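Colleague: Okay, handing you the structure first.
The values are calculated or read from the model by the stated rules, or taken from the named source; none is laboratory data. Values in this document were obtained by computation on a predicted structure and should not be read as measured data. Here Cβ is always computed from backbone atoms with ideal geometry, including for glycine, and neighbour counts include all displayed protein chains. Areas reflect the complete protein model, heavy atoms only, side chains present, ligands, DNA and RNA absent. Shrake-Rupley method; radii C 1.70, N 1.55, O 1.52, S 1.80 Å.
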Amino acid sequence: MDIDRLKHSIGVARKIVEIGKEYSLNEADLQKLYILDYNHDIGYEFSEDKLEHNIIDGNLLKDNGYEYWKEVYYHGNPNTEYESLFLKILNMADMQIDKYGNDVGYEKRLADIENRYGISSIQYLNSKAIVAKVNEEMEQVKGDLAKQKLKKKDVKAKVEKLTAEVRRLNN
């Protein structure tokens with residue numbers, strides 16, 4: 001792999017650990033994520049058509065008994081039916097790290113991909129779809145958290161009301 005691809009892989013590996021911590025993953029899972037992301041683009045080394053790097057990479061890892069080969073195989077594919085937390089986190093990290101290993105966020109990463117491959121390229125269109133999916137999932141999580149907070153407030157209010165009623169009855 002060229003030096004830029006290595007920088008990208010190291011940056012993504014570091015980012016995936018950061019994201020994994022946000023999901024409260026344990027140290028063993030964080031280490032698995034780091035190894036997963038460090039290897040997520042090795043298929044470029046063996047791919048004439050760079051579009052299939054993930055498939056070549058996933059198959060290479062599968063043939064060598066790697067547990068998370070599916071995450072690598074399906075990364076970058078917004079249309080896959082395969083889902084896992086590690087795949088989700090891999091795509092989140094990959095879509096925030098530029099080709100030089102810098103954490104640039106989703107919008108700058110998309111602009112970088114657009115500039116390198118073109119707005120009509122499959123690379124850009126897939127990346128844009130993945131970022132949209134990630135943003136949609138994050139909005140859903142925010143909505144779920146807001147609902148949980150409302151439920152907690154409702155429960156707290158009911159408990160306070162019942163406590164007041166018990167006190168009134170005991171007096």
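Colleague: Could you tell me what % of all Cα pairs in the stretch 77-151 have separations over 17 Å? The partial results should precede the final answer.
Modeller: Numbers: 1377 of 2775 pairs.
I get 50 percent for the Cα pairs in the stretch 77-151 exceeding 17 Å.
Colleague: Greater than 20 Å separation of Cα atoms is the criterion. Which listed pairs, Lys50/Lys70; Lys21/Lys62; Lys62/Lys128; Lys21/Lys88; Lys15/Lys99, meet it? Walk me through the intermediate numbers first.
Modeller: On the way: Lys50/Lys70 18 Å; Lys21/Lys62 26 Å; Lys62/Lys128 28 Å; Lys21/Lys88 14 Å; Lys15/Lys99 14 Å.
As for pairs spanning more than 20 Å Cα to Cα, those are Lys21/Lys62; Lys62/Lys128.
Colleague: Another one. Taking each pair of distinct Cα atoms in the stretch 27-168 once, what is the resulting Kirkwood hydrodynamic radius in Å?
Modeller: Working: mean 1/r = 0.0570 Å⁻¹.
Result for the stretch 27-168, one decimal place: 17.5 Å.
Colleague: With every protein chain kept in place and ligands, DNA and RNA left out, what is the accessible area per residue of the stretch 31-141? Probe 1.4 Å, answer in Å². Numbers along the way, then the final one.
Modeller: On the way: 6070 Å² over 111 residues.
Averaged over the residues of the stretch 31-141, the accessible area is 55 Å².
Colleague: Per the 1.4 Å probe, what fraction of the accessible area of the stretch 74-139, in percent, lies on carbon and sulfur atoms?
Modeller: Here it works out to 48 percent.
Colleague: I've got another one for you. Where does each of 111-119, 157-165, 34-42, 68-76 land if you order them by average Cβ count within 10 Å, highest first? Please list the in-between numbers first.
Modeller: Numbers: 111-119: 14.3, 157-165: 10.0, 34-42: 21.3, 68-76: 22.9.
Put in order of decreasing packing, that is 68-76, 34-42, 111-119, 157-165.
Colleague: While we're on this one: With +1 assigned to the C-beta of every Lys and Arg and -1 to the C-beta of every Asp and Glu, and no other charges, what is the dipole magnitude of the chain about the Cα centre in debye, to the nearest 20?
Modeller: Details: 27 positive and 31 negative charges, 310 e Å.
Charge dipole, the chain, about its Cα centre: 1480 debye, nearest 20.
Colleague: Between the stretch 31-67 and the stretch 77-101, how many Å separate their Cα centres?
Modeller: Taking the Cα centre of the stretch 77-101 as reference, the centre of the stretch 31-67 is 13 Å away.
Colleague: For the stretch 1-70, which whole percent of the accessible surface, found with a 1.4 angstrom probe, sits on carbon and sulfur atoms?
Modeller: Numbers: 1990 of 4030 Å².
Ligands and nucleic acids excluded, carbon and sulfur give 49 percent.
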